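S.K.: Attaching a single structure in structure tokens format; questions to follow.
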Amino acid sequence: MGIMVLFSCKENPPTPEVEPINLVLNFLHNVEMDTIQYINAAGNPYSVSEIQYFISDVFLYKENGDKILLDAWDDIHYVDTDIPETSSYNIEGAVEPGNYIGLGFTFGINEIKNQSMLFVNPPESFMFWPEYLGGGFHYLKLNGKWLDQDGNTKVYNFHLGIGQEYNEEGEIIGFIQNYFEIEFNINTFTVEAGQSIRAEILMDVNKWFTSPHDFDFNVWGGDIMQNQEAMNIGCENGFDVFSVEELSIFKLEK
Amino acid sequence: MKKELNKVLAVLVLVAIFFASCDENNTPEPFKPTPYTIEIPYGFPTNLNIPADNPMTVEGIELGRYLFYDGRLSGRTHPDSLMTCATCHRQERAFEAGVDHPDFPGGHPIGLSGLKTHHVMLPMINLVWNSSGYGWNGFLYPDNPDENMRNIEDFVRLTVFAKDEIDGDTMRIVNLFQSLDGYPDLFLKAFGSNKITFTNIEKAIAQFVRTLISADSKFDKYLRGEVQLAQSEINGFVLFTTEEGADCFHCHGGSGNPMFTTHLFYNNGKDTEFTDPMDRFLISNDPMDHGAYKATTLRNISVQGPYMHDGRFETLDEVIEFYSHAVLMSPYVNPLMHHVNNGGIMLTPTEKEDLLNFISTLHDEEFLINPKFSKPDRFPDEQ
């Protein structure tokens, strides 16, 4: 036994120090809060008071087209404009050295992970999506005010999450997963051991209401959690809401 | 010879006993209070707001319970001048005053100096899970730059000082409790010193308050699969958690947030003019926080009246009527109050009844009668 221990000790070479590569996503939002100063494509003047959302399943595209999922089970990140520290998401040591041509993530949470009670602590737990409406968590809360066609101030909750299918009696007969994947094509970039990637990702809030569909608050009102048609418009508009403003490679400080 | 030997042995035994007893007297017993662990109820957050410098212990909680209920916390002994936490925080009213308080008409506390408190009370329920700020405007919060304005410990001190509450003097209080049999020993067990300090008074009471946990309502049992809700209660639950229903859940939680509050601050459309200098704006300096106050937990809400920061509603029926038909638009109303576009949630009488029936499932009778939270039979100097 003693010989075996000595033998195995001798066989184990010292573990080489692995220099990790991190991917840091910084989320930016081009809004000044609380003042009605924006106009969407439908002509609604509106304001934004807060933006809260989940992104998950971050991935990179290698030069050869392989899609590299960087996630672990808990790869779900919460962004909240009221909590500045949530605007940065550091995925530590997840990236292999190499050449890459793109990155992306899921907006919201896929149906496997999006289970009720996944988060029990605030602020994430405050995003819960009621069981009756499909459970899990909101993908997005975007709240604010708008001026209706008569100039009256009204409030809106542009919330995305699991949709419902209703029968003629108004009973829920099924649920619809509304999460979607966002990809950014980027000029080839190379990352080496000891370096890390930083991406500045901008949410253009107006695009939630603008492209490809004009989202008219006067039509859809102030709440859409129980309106799959309206949520679907929001999700289809969501594909080009984000853009990579800057991508840089930097050396990790030890 | 045998007698001599016995004498020598006797002397040796006495010497040994002497040194042994000397050793015991000279080496103080190490201070080892018994750690107290909060068991996390099903679905509750796992993060607790317990300051690093005040870990919970069985001895600290026991002492805190005595102090919470001992009217001499005012630093006075005359029966007319007694006041402590429990004078206003009544267990049977979820540790609020309650509209039926014998000394505070309408449930609005009056301090020893005769002044009314600025706001009515908030309940003491599950406060160990609140990290967003204590008080209607959240003036005590964990990362407050003023380290004396952060947590329940600070609330104890401020309450004792406040003219509209206990109006006390810390030195007088410390000296009084130092003179009461039993208390110094309890401080020794809880904090390692029988010299009483006001800091340790704060800590002990805060520890006790953190044990006030409600997690056994009918709705908790429903979540745990132990009971079923009645049809009206289920209808009310659906109303509670749907945007097109009553939409309570965004601020007041639900199955995914069983605190039944976010502990955050909202202008819920009660008014159109805002003159209260102690609203959330005072703390956040955010103009949108005019008229904003903490969303209270709905656990045991049925015994928590009067309702709202100023106690304007005496009954839950009045509260539901307000949310149903009397929500007012203003530049400061929180966007989550989207039903303000229609003046309220516009519930029918049946829906109001269903909603009330659901809210009643948050009643936790065990919390209201739990002897661990009750007034001790005797205080330490009466043992």
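The values are calculated or read from the model by the stated rules, or taken from the named source; none is laboratory data. Because the structure is a prediction, the values reported are computed rather than measured. Cβ coordinates were reconstructed from backbone atoms using ideal geometry, including for glycine residues, and neighbour counts include every protein chain displayed. Accessible surface areas use protein heavy atoms only, side chains included; no ligands, DNA or RNA. Shrake-Rupley method; radii C 1.70, N 1.55, O 1.52, S 1.80 Å.
S.K.: Are there GluC sites (Glu not before Pro) in the stretch A:174-247 that DSSP puts in a loop and that have at most 12 other Cβ atoms within 10 Å, and which ones?
M.R.: In loop regions of the stretch A:174-247 (DSSP not H, G, I, E or B), the sparsely surrounded GluC sites (Glu not before Pro) are A:Glu192.
S.K.: Still on this structure, I have one more. Along the positive direction of the dipole of the stretch A:23-251 (beta-carbon charges: Lys, Arg +1; Asp, Glu -1; about the Cα centre), which of A:Gln149, A:Val95, A:Met127 reaches farthest?
M.R.: Value computed over the given set: A:Val95.
S.K.: If you don't mind, there's one more thing I want to ask. Sorted by mean Cβ packing within 10 Å, highest first, what order do the peptides A:37-45, B:270-278 take?
M.R.: With the highest mean Cβ count within 10 Å placed first, the list reads A:37-45, B:270-278.
S.K.: If you fit an axis through the alpha-carbon atoms of helix B:2-26 and take the longest principal axis of the Cα set of chain B, what angle between them do you get, 0 to 90°, nearest 10?
M.R.: Helix B:2-26 sits roughly 30 degrees off the main axis of chain B.
S.K.: Moving on to the next point. Heavy atoms only, 1.4 Å probe, whole protein assembly: order A:Leu247, A:Leu25, B:Leu115, B:Leu316 by accessible area, highest first.
M.R.: From most accessible down to least: B:Leu115, A:Leu247, B:Leu316, A:Leu25.
S.K.: If each DSSP helix of 4+ residues adds -39,500 (n - 2.57) and the sum is divided by the residues in the protein assembly as shown, what number results at 222 nm, nearest 500 deg cm²/dmol?
M.R.: Values: 17 runs with 158 residues, N = 637.
When only DSSP H runs of four or more count, the value is -7000 deg cm²/dmol.
S.K.: Just to verify a number: FRET efficiency for A:Glu183 and B:Glu39, C-beta to C-beta distance, R0 = 56 Å, to 0.05?
M.R.: 0.80
S.K.: Still on this structure: Give the aspartates and glutamates reachable from B:Lys195 as a straight Cα distance under 19 Å; neighbours fewer than 8 places away on the same chain don't count.
M.R.: B:Glu29, B:Asp53, B:Glu59, B:Glu62, B:Asp70, B:Glu153, B:Asp169, B:Asp181, B:Asp185, B:Asp381
S.K.: If you don't mind, there's one more thing I want to ask. How large is the accessible surface of A:Ser116 in square angstrom, using a 1.4 angstrom probe and rounding to the nearest 10?
M.R.: Here the residue's solvent-accessible area equals roughly 40 Å².
S.K.: Rounded, prolate or oblate: which fits the stretch B:229-377 when a ≥ b ≥ c are the square roots of the eigenvalues of the alpha-carbon gyration tensor, with rounded for a/c under 1.5 and prolate only if a/b beats b/c?
M.R.: Oblate, because a/c is 1.5 or more while a/b does not exceed b/c.
S.K.: Rounding to the nearest 10 and keeping the result within 0 to 90°, find how far the Cα-based axis of helix A:228-238 lies from the longest principal axis of chain A.
M.R.: Rounded to the nearest ten degrees, it is 50.
S.K.: Using a basic spin-label model with each label point 7 Å from the Cα along Cα→Cβ, how many nm lie between B:Thr46 and A:Asp148?
M.R.: About 4.6 nm, to one decimal.
S.K.: Using a simple charge model, +1 on the beta-carbon of Lys and Arg, -1 on the beta-carbon of Asp and Glu, nothing else, what dipole does the stretch A:23-251 show about its Cα centre, in debye to the nearest 20?
M.R.: 400
S.K.: Counting pairs of alpha carbon atoms under 8 Å apart in space and at least six apart in sequence, what relative contact order in percent does the stretch A:23-251 give?
M.R.: Value for the stretch A:23-251: 25 percent.
S.K.: Let me make sure I get this right: for the protein assembly as shown, a, b and c are the square roots of the gyration tensor eigenvalues over alpha carbons, sorted descending. Under 1.5 in a/c it's rounded, otherwise prolate if a/b > b/c, else oblate. Which is it? Don't jump to the answer; show the numbers that get you there.
M.R.: Working: a/c = 2.27, a/b = 1.29, b/c = 1.76.
Oblate, since a/c reaches 1.5 and b/c is not below a/b.
S.K.: Now for a different question. Over the whole of B:246-259, what's the average partner chain Cβ count within 10 Å per residue? Rounded to a whole number, please.
M.R.: Details: counts 0, 3, 0, 6, 10, 1, 0, 3, 5, 7, 17, 7, 4, 3.
Mean number of neighbouring Cβ atoms from other chains: 5.
S.K.: Take every Cα-Cα pair in chain A and report what % of them are more than 23 Å apart.
M.R.: Numbers: 18382 of 32131 pairs.
Taking all Cα-Cα pairs of chain A, the fraction more than 23 Å apart is 57 percent.
S.K.: Also: Pop a pseudo-label 7 angstrom from the Cα along the beta-carbon direction at both B:Ser284 and A:Phe239 and give the gap in nm to one decimal.
M.R.: 3.6
S.K.: What does a probe at B:Glu353 reach in the stretch B:225-245, counting residues whose amide N is under 17 Å from the point 7 Å along Cα→Cβ?
M.R.: B:230-239
S.K.: If you don't mind, another one. What does the average come to when, for each residue of peptide B:338-348, you count the partner chain Cβ atoms lying within 10 Å of its Cβ?
M.R.: 3
S.K.: At 25 °C and a viscosity of 0.890 mPa s, what translational diffusion coefficient does Stokes-Einstein give for chain B, taking Rh as the Kirkwood radius over Cα pairs? Give it in µm²/s as a whole number.
M.R.: Details: Rh = 23.0 Å.
Answer, rounded: 107 µm²/s.
S.K.: Taking 0.36 nm per intervening residue step and subtracting the Cα-Cα distance, what contour gain separates A:Thr190 from A:Asp66 on full extension?
M.R.: Between A:Thr190 and A:Asp66, full extension yields an extra 43.1 nm.
S.K.: I've got another one for you. Evaluate the relative contact order of the stretch B:99-197 (contact order divided by residue number), counting alpha-carbon pairs under 8 angstrom at least 6 apart; express in whole percent.
M.R.: 19
S.K.: Let me ask you something else. Among the residues of the stretch A:85-128, which ones have their accessible area go down by 10 Å² or more when all the protein chains sit together, as opposed to their chain alone (1.4 Å probe)?
M.R.: By number: A:Met117, A:Val120, A:Asn121, A:Pro122, A:Ser125, A:Phe126, A:Phe128.
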